[in-house]
1. Report, to the nearest 10°, how far helix 414-429 tilts away from the longest principal axis of the Cα atoms in the chain, using its own Cα long axis and a range of 0 to 90°.
2. Compute the normalised compactness of the chain: alpha-carbon radius of gyration over 2.2 N^0.38 Å, N being the residue count.
3. Under 27 Å between alpha carbons, and skipping anything fewer than 8 positions from Lys439 in its own chain: which lysines qualify?
4. With a 1.4 Å probe and every protein chain left in place, work out the accessible area per residue of the chain in Å², rounded to a whole number.
5. Pop out the carbon and sulfur fraction of the accessible area of the chain as a percent, whole number, probe 1.4 Å.
6. Roughly what angle does helix 28-40 make with the longest principal axis of the chain, taking Cα atoms, 0 to 90 degrees, to the nearest 10?
7. Based on the alpha-carbon gyration tensor of the range 367-423 and its eigenvalue square roots a ≥ b ≥ c, which shape applies: rounded if a/c is under 1.5, prolate if not and a/b is larger than b/c, or oblate?
8. Any idea what diffusion coefficient the range 38-91 gets from Stokes-Einstein, in µm²/s, Kirkwood Rh on alpha carbon pairs, 37 °C, 0.692 mPa s?
Amino acid sequence: MLVAFEGGSLVRALILLLSWPILCLLDWESKLKAMIFISFCGLPIKSMANVSSTVLPKFYLENLNLHVFEAFQAIGCKVVFTSVPRVMVEGFLRNYLKVDDVVGTELQTCGNYFTGLVSGSGLVVKHKALVEYFGEERRPDVGIGAPNLHDYPFISLCKEAYIVNNEDIQGWRSSVVGRERYPKPLIFHDGRLAFLPTPLATLCMFMWIPVGIFVAFFRICIGIVLPYRLAILLGCWSGLRIDLEGYKRTTTLDSKQHRSKKGVLFVCSHRTLLDPVFLSTSMGKPLIAVTYSLSKFSEIIAPIKTVRLTRDRTKDGEAMQRMLEKGDLVVCPEGTTCREPYLLRFSPLFAELTDEIVPVAVNTKVSMFYGTTASGLKWLDPIFFLMNPRPSYQMVVLPKLPREWTCGGGGKSSYEVANYVQTELADVLGFECTKLTRKDKYLMLAGNEGLVASPTQ
């Protein structure tokens with residue numbers, strides 16, 4: 001389903017779901033071939049490469065059996081035999097579990113597309129593939145398999161055989177590898193689905209989508225048209241949850257003394273394009289937001305003023321200075337969103353603009369769709385986020401930055417200020433600071449540097 005939905009389309013995913021009752025009547029081999037055909041027929045090879053490297057690893061890691069992982073850690077040379085298409089698992093196995101070789105079902109291709117058919121050798125039969133790989137005389141020291149008829153012949157050929165017991169399979173949530181033990185940190189991943197698409201969960205998603213589209217546009221309309229308090233009230237009634245903490249501690253920023261000077265700079269951690277919108281709505285005051293890449297659609301539906309930046313440091317600095325002269329400004333110095341509990345490196349430009357800096361810790365929770373993407377259609381990001389049944393925003397407004405930790409009053413460098421703010425926000429959120437940047441994210445997820453041409457180009 002992940003291949004069909006993320007690599008293919010909504011229609012392909014729906015066809016796969018509707019085929020499920022028929023698939024249940026087929027034998028194991030026919031069922032697997034049918035699912036492969038529906039998921040891969042006509043699928044671009046490039047799309048599958050993107051899914052295997054940026055989507056599937058997250059779900060594999062979240063469902064990685066703890067005991068199998070510990071066994072893998074203790075074993076030297078590792079070879080995996082699987083009947084599923086090799087292109088679905090090889091990237092994860094080699095990059096995260098350091099597997100030496102992968103033997104899986106090979107798929108036929110025609111040009112740059114999959115045909116949906118398996119290669120001439122057919123589905124991989126594990127015990128036969130093991131004999132072919134190691135030879136008649138040689139046997140692996142350790143074999144790990146599942147308690148089914150397909151794995152028993154396979155592990156019986158090994159010197160020591162281990163089976164993942166039914167208790168582990170049934171209570172898999174209590175026997176998976178925790179994030180702190182991931183063999184490689186999962187910082188970046190892509191795709192729209194935020195849940196494991198089992199048949200029942202996928203059915204619920206398709207039943208929700210028409211309602212979700214209506215709910216998303218309802219939430220957008222009330223945000224554009226209605227006053228702040230009424231918009232929040234109706235938004236909460238629709239299932240949207242917004243929590244704002246700490247704002248009362250900064251009410252002195254609204255005094256006449258500060259209104260006569262430049263505006264306040266709110267520095268936020270970045271979760272979705274809606275961060276400034278929800279901050280402005282929750283505080284009940286108009287804010288100006290700056291962004292590096294904003295679709296025309298997002299610009300139109302935004303209920304607050306947005307200013308597009310150019311990634312030219314001098315021009316962007318001048319533009320933000322002009323905005324601060326007009327009012328309070330919101331900036332997300334990470335430059336891009338991150339879904340996982342990590343903060344990317346903060347650009348230090350914001351620290352050079354003013355000493356009136358207020359950090360804001362922002363976090364979100366979704367249950368069905370991610371409201372961010374690197375390789376998909378970015379103009380759909382706000383809609384996907386608002387399509388969630390009960391999306392939530394948690395924002396904590398920290399006290400204004402101490403004078404001794406500013407460039408003008410404290411003599412700190414802009415880099416020191418940026419790192420200090422990043423650390424403060426990470427402590428509040430319980431996140432981990434990284435030195436990764438927007439460029440690192442897009443190179444991994446989309447194969448580009450994430451640059452968006454301006455409308456004049």
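1. Tilt of helix 414-429: around 60 degrees.
2. 1.13
3. Lys46, Lys58, Lys98, Lys184, Lys296, Lys305, Lys315, Lys365, Lys378, Lys412
4. Counting only protein heavy atoms, the per-residue value for the chain is 49 Å².
5. Carbon and sulfur atoms account for 58 percent of the accessible area of the chain.
6. Between the helix axis and the principal axis of the chain, the angle is about 40 degrees.
7. Prolate is the answer for the range 367-423, as a/c is 1.5 or above and a/b outweighs b/c.
8. Approximately 253 µm²/s, per Stokes-Einstein.
The values are calculated or read from the model by the stated rules, or taken from the named source; none is laboratory data. Note that the structure is predicted; figures quoted are calculated from it, not measured. Please note that ligands, DNA and RNA were not included when accessible areas were found on the heavy atoms of the full protein model with its side chains. Shrake-Rupley method; radii C 1.70, N 1.55, O 1.52, S 1.80 Å.
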